[in-house]
Amino acid sequence: MKVKLFTAVMGTALLALAGCQSVQDKVPADSLVAVYTGTAPNLAVGAADPVWAKASPLSAELTGGVNFGAKPGAKGESSVTLKAAYTNDMLYMLVQYTDPTNSVRRGPFQKQADGSWKKLKDPADKGGDDNLYYEDKWAMLWPTNEATAK
């Protein structure tokens with residue numbers, strides 16, 4: 001169920017992010033530390049931006065998410081690697097994980113060649129919590145009151 005993946009991801013992210021500290025402090029192994037950068041990473045180049053080479057990674061295992069396996073609707077597992085960087089006024093996160101389904105549709109609608117929209121239907125949908133057509137997403141909480149810019 002998508003809720004299980006969300007719960008696993010949020011639990012991992014919250015535990016990881018709750019322990020974030022200054023680089024000068026001793027940092028527990030399960031903490032994500034944001035590296036300061038004077039220039040924001042270029043989002044168009046993604047992980048290839050040199051800022052991310054300076055950031056320390058945090059990895060975790062993800063399990064049980066719907067649409068996370070080899071076929072849509074299947075449950076599966078993956079590993080995630082998180083990196084963080086900040087400027088004087090912004091926080092940037094790099095989240096990398098393997099997802100064979102790459103679920104990017106929020107609603108079950110597909111644009112047709114003639115410009116019209118067609119509603120896609122899941123034959124197994126009985127009006128409940130249908131997850132066949134649902135995008136991957138992440139949510140992050142970051143304790144800004146504890147962060148200090150250099």
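The values are calculated or read from the model by the stated rules, or taken from the named source; none is laboratory data. From a predicted model like this one, the values you see are computed outputs, not experimental measurements. Positions of Cβ are generated from backbone atoms using ideal geometry, with glycine treated the same way; all protein chains shown enter the neighbour counts.
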Q) When both residues are 6+ apart or on different chains and their Cβ atoms are under 8 Å apart, which pairs have a first residue that lies in region 36-65 and is under 12 Å from Leu94 (Cα atoms), and a second that is part of a helix (DSSP H, G or I)? A) Pro41/Val51; Pro41/Trp52; Leu58/Ala16
(Q) Take the residues in region 83-136 that are of a type in the set (S, T, N, Q) and touching a Ser or Thr at 6+ places or on another chain (Cβ under 7 Å); name whichever of them is modelled with the lowest pLDDT. (A) Thr98
(Q) Quick check on this structure: which one of Val9, Val51 is surrounded by 14 or more Cβ atoms within 10 Å (Cβ to Cβ), at pLDDT 60 or above and either closer than 30 Å to Asp125 by Cα or not small (Gly, Ala, Ser) (or both)? (A) Val51
Q | Search result, residues across region 54-71 that are assigned to a loop (DSSP other than H, G, I, E, B), at pLDDT below 75 and either within 17 Å of the chain's Cα centre (by Cα) or of a type in the set (A, V, I, L, M) (or both) | A | Asn67, Phe68, Gly69, Ala70
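Per-residue answers, yes or no, for (1) touching a Pro at 6+ places or on another chain (Cβ under 9 Å); (2) outside any loop (DSSP other than H, G, I, E, B); (3) modelled with pLDDT of 65 or more; (4) more than 20 Å from Asp136 (Cα to Cα):
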| residue | (1), (2), (3), (4) |
| --- | --- |
| Leu5 | no, yes, no, no |
| Gln21 | yes, no, no, yes |
| Ser31 | no, no, yes, yes |
| Val35 | no, yes, yes, yes |
| Leu43 | no, no, yes, no |
| Gly73 | no, no, no, no |
| Thr81 | yes, yes, yes, no |
